[in-house]
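The values are calculated or read from the model by the stated rules, or taken from the named source; none is laboratory data. If you're wondering where the values come from, they're calculated on a predicted model, not measured in any experiment. Every residue, glycine as well, gets a Cβ built from its backbone with ideal geometry; the counts of neighbours run over all protein chains shown.
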Amino acid sequence: MNFNYFIGQLQAKGNLDQNNIEELRARIKELSLVKGTNLLFPGELCKYLYFIKEGFFRIYTSDGFQDKTIDFAGPNRFATAIDGFFTQKISNEGIICEENSIVFRISYHDWLALEDLSPQFLNISKQLLLDYLLSINYEKNVYRISNATEKYKYLGKQYPGIANIVSQKHIASYLGITGPTLSNLLKDMLRKRK
């Protein structure tokens, strides 16, 4: 198990003593997933938070006919349906594995239990949430003021190699543009590199 890797990532946010580490070890499950595995379907209760050691995930909504990509998650990031996880209500989001992956999974109730058991873990939890809020605030501003090319470049910096992992259709959906528009954008970017 790569448990020590996960602990190292958490301890970058704050200290955990040996008792806290053992409590966490008892509640974490390591999963090896293959491409195409759904961690969550829209309309299900999101019971888990996932930390990604290896691999890549797409978070999406679906109206039954068409998926709309709303986020991505790669190595050293958490993935969950935020609204469904924290409210413990049915989520309209789904999470799908876009390449073979290794994740650590913890349930909502185990996460809360760790917060109740340990001020150290509560501080780490707060730091993770703060980091996430700062990240989405920055990203919101990037996507609000940038054109499609700038958004694509930003996405590529956040997730190097994403174009080799996720279909253009899903990237276009995330950027809020059509597939043909993304194709033209990529052609223009290639032309300008020459």
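Laid out as a table, the results:
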{"read-out": "Per-region count, region 11-34, residues of a type outside the set (D, E) and more than 24 Å from F56 (Cβ to Cβ)", "value": "12"}
{"read-out": "Any hit, region 91-106, residues being surrounded by 18 or more Cβ atoms within 10 Å (Cβ to Cβ), over 19 Å from Y132 (Cβ atoms), among the polar types (S, T, N, Q) and at pLDDT 95 or above", "value": "yes"}
{"read-out": "Selected residue [charged (D, E, K, R), at pLDDT below 95, closer than 30 Å to N15 by Cβ and part of a helix (DSSP H, G or I)] from D83, D131", "value": "D131"}
{"read-out": "Long-range neighbours under 8 Å by Cβ, at least six apart or interchain, first residue within 12 Å of N92 (Cβ to Cβ) within region 41-53, second assigned to a loop (DSSP other than H, G, I, E, B) and among the β-branched types (V, I, T)", "value": "C46/T80"}
{"read-out": "Residue match in region 90-110 (condition: touching a strand residue (DSSP E or B) at 6+ places or on another chain (Cβ under 8 Å), more than 28 Å from T178 (Cα to Cα) and assigned to a loop (DSSP other than H, G, I, E, B))", "value": "no"}
{"read-out": "Single match in F56, F78 (criterion: at pLDDT below 95, among the aromatic types (F, W, Y) and within 15 Å of the chain's Cα centre (by Cα))", "value": "F78"}
